[in-house]
Each structure stands twice: as structure tokens, then as C-alpha cells.
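A.B. asks: This is the structure I want to talk about, given as C-alpha cells.
The values are calculated or read from the model by the stated rules, or taken from the named source; none is laboratory data. These numbers come from a predicted model, not from an experiment. Here the Cβ positions follow ideal geometry from the backbone for every residue, glycine too, while neighbour counts run over all protein chains shown. The area values use the complete protein model at the heavy-atom level, side chains included, leaving out ligands, DNA and RNA. Shrake-Rupley method; radii C 1.70, N 1.55, O 1.52, S 1.80 Å.
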Amino acid sequence: MTAVSNPAGFTPEETYTPDGDYRFTNSREAVRRLPFPFPDDEYMYSMNLEPHVPAGDGALRAAFDVDEHYVSECAHRDQMLREMPGVHYLALPHMMEAQWDLLELIFESYDRDFPEHFTLTKNGNEWRWQNRLLGIDDSFTFGDPATLPMDPMEYATRQAQGEFVVLEERDNTLVIGAGMTTQRADYSLQFNLGMNFSEFHGPVPKLDKMGILDRALKFLLRMKPGHPVRRVNWSLTVHPRLETSVETLPDWAPDRAAVTAENAGDMVYLRIELQPLHRLPRSNAIVFPVRTYLVSLAELVEHAPDWAKRVHRALASLDPELADYKGFHRYHGAAVEWLSQHDDGAPLATGYPWYPEGIQPGRTPAE
């Protein structure tokens, strides 16, 4: 599963770890197609679920997005799996049916939404998968793990951007049963495997008091196959580092102390998480993908100045508990100060940029 050298329009030489000196940049197009998470000048945590239907011509036009960083992210995943075996990919033994479900979902989605790069050919249970971006052309028997070089979930998610956590429904809750997590943000799959919904969401400030967790769980348990939903989450991170897990804390945590109001534009990155949830048809499990997008504050100012102003205002008014929970309280003030230089205070349009004006979920009824 080796990446081809230089597919047109992609950035295979990028790196997301300090040993590669964080060689990473976004084109203007990559910035403008982001699922920007701030519809207003103020932000408060919410589950903000909506139907996962195509929207706009950017990150939300496909079931699972593929962008210019695809090849380099797949190479990063391969590196993480080699360096820390048994940490990033884990699956409980009884999750095999869900693994095949997930493989089918990813491969069918890529084949449908990006036919220039991927082709899935089915002849009964005999399948052929072609991934032209990574130079893969494999045939296998669907449902027979012996015909693949690794677990079905690992095989499929090695060829996909983002994280994938599979939740099984048990005793009226959802439990983590498998995960491919080479882009973790401040958590450990080894620790969380087997936890239920309230246990792994418990640290989020004020959620229990607000009743959000109970409502979200009830909503997810009612999900049906073929009717996915999505939400957009966000945080800040230092450097374009995809993997900031508990296990690697000594490698990345000291960088937070180096951020100042002078260097925050280059060091601090907005970390956007697009989370499209799907109910899997055979296993009845729910897959919780977390597709991560990284963009520096300086890139926002250069390529999307109105978004940079919106980020400044959202951060300036942010509840300190959320900054603490999201892990950037140490450099929160530096980021706000740096961004303040690029905010003239002019009014900004409200709403999510990927929807047409007048059709904003939760704001005006869709027509």
C-alpha cells in the first residue's frame, strides 16, 4: 500500500510530525473549501447535528471528503501504524461484521463521489478495488478476511482521510468497539475502547447540566441506515500535527509554551473536525468518522480574511471552561491577540458558508 510519487493536484511530500519539520501548507482552494465551523461571532458547545446531505462544492459535497492532502495523510497513517503498533488501530473480536460494513461504505462512497480516482467492481462477493492515488489494485472476497492482507477496517481506513470509531449498540447505549485513530486529539483509543457514550463524552463541560448528552444519545439510537447525520467540531492546535494523543503527550505538549502573540499566526492552527455519522446496515453499528482539517491562523488571514475575523471574535468571547477542555487555554490569549490585528470590527454575515443564503439549518426553514 505504497503511495504513488506525485499524483497531479495532491501534496504527497507533506509531513505532520516534527521529524519532518512539519512540511505542510494549504492552497487557497483548500482553505476556501473548509467546513468552517463558526456561523456567528460567539460560540458555545452544542451537538449541532444535521442530515449529512451534499452541500456546496467543498468538503461537504461528498459522503467522505478527499482533498489535496489525501496522499500525505495516508502516508502519515502508515508511519503512525508502523511506529506504534497496537495503539492506533484496535478492534474487538466480535466487530468483524461491522468492519465489512465500513469497508463497503467507504469504498462505495469513494467510487461514487470520486470516480476519477477510485473504482469498486462487484461480481457477487468477488470484489475488485482500484485506488489510483495510492497505486492499489486488489481483488478479494467480501466477507472473507483471509482474502485481504489485514482486517477489513484497517485495509479500508488506511486508504481514507480522518479517524474512524465504530460504536456498537448495547443496553440502550453506544459502546466503542473498534477504531482507526492516527489523528487523535487528546485521547487514547486503548483507554476508551469498550467505554459507553456517557463515559467517553463525560469530560465535556456543562453537557450533563444542559441535557445535550441524553438528547444526542437518543437521537443516535434512532438513526437508520441510509440516513447519515453530521456535525462540525473544532479546536486549536500547535503546528500542523494531526496526532496529539495521550500516548504522545511528551512529544507535543511542550510546544504549547512556545506560542506568543508574535508567532501565533504561524504556530497556531485551527483544527476543524467534520463528523459524518452512519448507521451500518448489517451489524447495526454506528461509525463515527472524524475528518480533520488543519489551517494556520496566518493562512486564514491570507486566504479567508472574513473567517479570520470570525475566529478572532469567537475565541475572544469563548467560555474559559471550553478553552480548557479543548486544550488550548495556555495560548488562547496569544491567539486572540495576534488575530486582533486583522479584525477591523466590520459586521460579518452569519450562517454556515456552505449553504445558500436563506437556507441555514436551525435559522430558516429549508425549502
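A.B. asks: What is the angle, in °, between the Cα long axis of helix 70-83 and the longest principal axis of the Cα atoms in the chain? Nearest 10 is fine, range 0 to 90.
C.D. replies: 80
A.B. asks: Quick one: helix 96-113 against the long Cα principal axis of the chain, what's the angle to the nearest 10°, folded into 0 to 90?
C.D. replies: 70
A.B. asks: Right, another one. To the nearest 10 square angstrom, how much accessible area does Phe191 have with a 1.4 angstrom probe?
C.D. replies: 150
A.B. asks: When only the heavy atoms of the protein chains count and the probe is 1.4 Å, how do Ser27, Ser235 rank by accessible area, highest first? Provide the component values of the computation, followed by the final result.
C.D. replies: Working: Ser27 45, Ser235 20 Å².
Largest accessible area first, the list is Ser27, Ser235.
A.B. asks: If you don't mind, there's one more thing I want to ask. Starting from 0.36 nm per residue, how many nanometres of slack lie between Lys224 and Asp324 once their C-alpha separation is accounted for? Please list the in-between numbers first.
C.D. replies: Values: separation 100, 0.36 × 100 = 36.00 nm, distance 3.51 nm.
Length difference between fully extended and current span is 32.5 nm.
A.B. asks: Another one. Roughly speaking, to the nearest percent, how much of the chain's 1.4 Å accessible area is carbon and sulfur? Intermediate results must be reported in sequence, preceding the final value.
C.D. replies: Numbers: 8060 of 15730 Å².
Carbon and sulfur: 51 percent of the exposed surface of the chain.
A.B. asks: Then there is this: Suppose every Lys and Arg Cβ carries +1 and every Asp and Glu Cβ carries -1, with no other charges. What dipole size does the range 1-118 come out with about its Cα centre, to the nearest 20 debye?
C.D. replies: Details: 8 positive and 23 negative charges, 36 e Å.
The calculation lands at about 180 debye.
A.B. asks: I would also like to ask the following. Please list Leu339, Leu249 in order of solvent-accessible area, largest first, computed with a 1.4 Å probe with all protein chains present.
C.D. replies: On the way: Leu339 0, Leu249 75 Å².
Reading off the accessible areas and sorting them downward yields Leu249, Leu339.
A.B. asks: Would you please report the Å³ per residue occupied by the convex hull of the alpha carbon atoms in the chain? Display every interim value, and only then the final one.
C.D. replies: Details: hull volume 51.2 nm³, N = 367.
In the chain, the Cα hull volume divided by residue count equals 139 Å³.
A.B. asks: Okay, next question. Can you count the Lys pairs in the chain with C-alpha separation below 26 Å, eight or more apart or on different chains?
C.D. replies: Working: Lys122/Lys224; Lys206/Lys218; Lys206/Lys326; Lys209/Lys218; Lys209/Lys326; Lys218/Lys326; Lys309/Lys326.
Close lysine pairs found across the chain: 7.
A.B. asks: Does the range 134-251 come out rounded, prolate or oblate by the C-alpha gyration tensor, with a ≥ b ≥ c the root eigenvalues, rounded set by a/c under 1.5 and, if not, prolate when a/b is larger than b/c and oblate if not?
C.D. replies: oblate
A.B. asks: I need the semi-axes of the equivalent ellipsoid of the range 1-93: take the C-alpha gyration tensor, multiply each eigenvalue by 5, square-root it, list largest first in whole angstrom.
C.D. replies: On the way: eigenvalues 150, 81, 47 Å².
Result for the range 1-93: semi-axes of 27, 20, 15 Å.
A.B. asks: How long are the three semi-axes of the equivalent ellipsoid of the range 72-173, in whole Å, if each is the root of 5 times an eigenvalue of the C-alpha gyration tensor, listed from largest down? Spell out each step's value before the answer.
C.D. replies: Details: eigenvalues 94, 68, 36 Å².
For the range 72-173, the ellipsoid semi-axes come out as 22, 18, 13 Å.
A.B. asks: Compute the length gained on full extension between Ile212 and Met195: take 0.36 nm times their separation in residues and subtract their Cα-Cα distance, giving the result in nm to one decimal.
C.D. replies: Working: separation 17, 0.36 × 17 = 6.12 nm, distance 1.84 nm.
Length difference between fully extended and current span is 4.3 nm.
A.B. asks: Would you kindly find the accessible area of Asp251, with a 1.4 Å probe and non-protein molecules such as ligands, DNA and RNA excluded, rounding to the nearest 10 Å²?
C.D. replies: My reading of the accessible area for Asp251 is about 90 Å².
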